[in-house]
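*Asks:* What follows is a structure written as structure tokens; I'll ask about it next.
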Amino acid sequence: MAHTDPHQHGGPALGHEPTDADLGSAWRLYFLMLAFLALVFVALWYALGAWGAAVTRREAPTPALAQRTGDRLPPAPRLQTTPYLDLEQYQEAQRQVLERYAWVDKQNGIAQIPIERAIELVAEHGLPALPPVPAPAPAPGASASPEDAASAAVPPKQ
């Protein structure tokens, strides 16, 4: 207990014990771990490069339509490049068809007229009368008149 002597009677000098820890072994372990990690990173880099090359080899070649060179366009049909303009042109063409006069069947006197004019004519004159629909033939074994069918369906009152 010389090192805990409160009176300090000429005992050994206080300090560290040089035999407790070997710092050379710790530094060797540190550098060994750094070398191992560097080796792992290099191995992963190589493996991912090889895997990427294998995937690239397995992929199908680029289709001819996707290989655009210069100003040459691929053959038709091509995707729409301006869908909004195409829609506007289509709607304008449909509007022109709906707002014009034209013969559908000149021999039978059937003509196409604008929708607004057709609405005005129906409002003025009404729709044409429909031809009468013939009554369906009664099924075999059915009653002769609707009154007989109604009376047969309702039970008599007691």
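*Asks:* Looking at the range 80-138 only, could you name the residues that are among the acidic types (Asp, Glu) and more than 35 Å from the chain's Cα centre (by Cα)?
*Replies:* GLU99, ASP105, GLU116, GLU120, GLU124
*Asks:* Is it true that GLN80 is at pLDDT below 90, surrounded by 10 or more Cβ atoms within 10 Å (Cβ to Cβ), farther than 30 Å from PRO114 by Cα and polar (S, T, N, Q)?
*Replies:* Criteria met by GLN80.
*Asks:* Continuing with this model, one more query. Considering only residues of the range 114-158 that are under 30 Å from GLN96 (Cβ atoms) and touching a helix residue (DSSP H, G or I) at 6+ places or on another chain (Cβ under 8 Å), which is modelled with the highest pLDDT? Talk me through it step by step, then tell me what you get.
*Replies:* Start the filter on the range 114-158 by keeping residues that are under 30 Å from GLN96 (Cβ atoms), which leaves 114-128.
Okay, now just the ones that are also touching a helix residue (DSSP H, G or I) at 6+ places or on another chain (Cβ under 8 Å), so 114-115.
On the way: PRO114: 92, ILE115: 89.
Among residues in the range 114-158 that are under 30 Å from GLN96 (Cβ atoms) and touching a helix residue (DSSP H, G or I) at 6+ places or on another chain (Cβ under 8 Å), the one modelled with the highest pLDDT is PRO114.
*Asks:* Looking for whichever is surrounded by 10 or more Cβ atoms within 10 Å (Cβ to Cβ) and modelled with pLDDT of 90 or more here; the options are LEU98, LEU87, LEU65. Which one fits?
*Replies:* LEU87
The values are calculated or read from the model by the stated rules, or taken from the named source; none is laboratory data. Nothing here was measured: the structure is a model prediction, and the numbers come from that model. Note that each Cβ is placed from the backbone with ideal geometry, even for glycine, and that neighbours are counted across all protein chains shown.
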